[in-house]
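Undergrad: Dropping the structure in here first, questions after.
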Amino acid sequence: MATRLSVNVNKIATLRNARGGDNPNVVQVSKDCERFGAQGITVHPRPDERHIRYQDVLDLKEVVKTEFNIEGYPDARYMELVLKVKPTQATLVPDPPGVLTSNAGWDTIKNESLLKELIQELQANGIRTSIFVDTNLKNVEGAAKVGANRIELYTEPYASKFHANKEAAIAPFIKAAKLAKELSLDLNAGHDLDLHNLKYFAQNITGLDEVSIGHALISDALYFGLENTIQMYLAQLEP
Ligand code: PXP
């Protein structure tokens, strides 16, 4: 089955917030992303609400018809929001509050008891839980141990090495993905995926369930339009 595309709409909220009004409208853009073929909508509310606001998440809950994925650092406010909204998927990310963007995966060994407890609570509420990890095999093993349904592989290291040497860039991801599948973990990926590096990634990673893409996709939409851009990304994911 083809890898599913979840569009991260944080950048739409960033643009809206720049002027303080409601243009572009995050709910409308999300509905349009779905209409144009996106198979999921991802949001990543952060405590300072500098892009997606907690209210956006509540508003989106009412309209998203595909897979709704809420990423974030699992502080009390995130957990309260996710348990209220009950999205299809929660993706736990180990972001310290002030960070510009997610820049590392979980140390699943150090955080074993915390992750176990959070995942149990989310799953007891019917929410599939994914955790953001790097390609360190110990962290992938740890993800299975804490009971995650999925992992999301942090692809920035792949994207940054892709142009110099794509075989070397993908190698650790192939190993981590293989182990994830052996451990019965489903597999997502995200961060810095774009029209240059996505096809090669999807073709080489067996069993890639979903990618979530924000920055590059929204930037490409400036040139190609949102509908064309989503179709272009979907074409990269065709088997
Ligand atoms: N996955 C996670 C956990 C993220 O934090 C982000 C950025 O919000 C993404 C995926 C999407 O990354 P990008 O915006 O580079 O496509």
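The values are calculated or read from the model by the stated rules, or taken from the named source; none is laboratory data. Treat the numbers as computed from the prediction; the structure is a model and nothing was measured. FYI the Cβ positions are ideal-geometry reconstructions off the backbone, even for glycines, and counts take in every protein chain you see. Just so you know, the surface numbers come from the protein's heavy atoms only, side chains and all, with ligands and any DNA or RNA stripped out. Shrake-Rupley method; radii C 1.70, N 1.55, O 1.52, S 1.80 Å.
Undergrad: So if I check each of N103, N125, which one is closer than 26 Å to L183 by Cα and modelled with pLDDT under 95?
TA: The unique qualifying residue is N103.
Undergrad: Could I ask something else about it? T155 fails exactly one of the following numbered conditions: (1) among the polar types (S, T, N, Q); (2) free of Cβ contacts under 8 Å to residues at least 40 places away in the same chain; (3) touching a strand residue (DSSP E or B) at 6+ places or on another chain (Cβ under 6 Å). What is the number of that condition?
TA: (2)
Undergrad: Quick check, is I230 within 11 Å of the ligand (Cβ to nearest atom), assigned to a helix (DSSP H, G or I) and surrounded by 19 or more Cβ atoms within 10 Å (Cβ to Cβ)?
TA: Considered against the rule, which asks whether it is within 11 Å of the ligand (Cβ to nearest atom), assigned to a helix (DSSP H, G or I) and surrounded by 19 or more Cβ atoms within 10 Å (Cβ to Cβ), I230 comes out as no.
Undergrad: Consider region 148-171. How many of its residues are farther than 20 Å from S184 by Cβ, of a type outside the set (D, E, K, R) and either part of a loop (DSSP other than H, G, I, E, B) or open to solvent by 50 Å² or more (accessible area, probe 1.4 Å) (or both)?
TA: Of the residues in region 148-171, 6 are farther than 20 Å from S184 by Cβ, of a type outside the set (D, E, K, R) and either part of a loop (DSSP other than H, G, I, E, B) or open to solvent by 50 Å² or more (accessible area, probe 1.4 Å) (or both).
Undergrad: Tell me, which residue of region 217-226 that is buried (at least 19 other Cβ atoms within 10 Å of the Cβ) and free of Cβ contacts under 8 Å to residues at least 60 places away in the same chain is farthest from the ligand (Cβ to nearest atom)?
TA: Result: A221.
Undergrad: I need every pair where a residue in region 192-216 that is under 16 Å from G37 (Cβ atoms) and more than 10 Å from the ligand (Cβ to nearest atom) has its Cβ under 6 Å from the Cβ of a residue that is of a type in the set (S, T, Y) and open to solvent by less than 20 Å² (accessible area, probe 1.4 Å), sequence separation at least 6 or different chains.
TA: Note: pairs meeting the criteria are A202/T3; E210/S6.
Undergrad: Moving on to the next point. Out of all the residues in region 1-19, which are in a helix (DSSP H, G or I) and within 14 Å of the ligand (Cβ to nearest atom)?
TA: N10, K11, I12, A13, T14, L15
Undergrad: Something else now. For region 169-191, name all the residues that are touching a Gly at 6+ places or on another chain (Cβ under 6 Å) and more than 15 Å from the ligand (Cβ to nearest atom).
TA: Correct list: K181 only.
Undergrad: Residue check, E49 against (1) more than 17 Å from the chain's Cα centre (by Cα); (2) in a helix (DSSP H, G or I), all met but one. Which one?
TA: Exception for E49: condition (2).
Undergrad: Still on this model: If you scan region 1-16, which residues turn out to be under 16 Å from the mean Cα position of the chain (by Cα) and either on the phi > 0 side of the Ramachandran plot or open to solvent by 20 Å² or more (accessible area, probe 1.4 Å) (or both)?
TA: Of everything in region 1-16, those that are under 16 Å from the mean Cα position of the chain (by Cα) and either on the phi > 0 side of the Ramachandran plot or open to solvent by 20 Å² or more (accessible area, probe 1.4 Å) (or both) turn out to be R4, N8, K11.
Undergrad: For residues in region 20-46 being more than 14 Å from the ligand (Cβ to nearest atom) and over 23 Å from T229 (Cβ atoms), which is most open to solvent (accessible area, probe 1.4 Å)?
TA: G20
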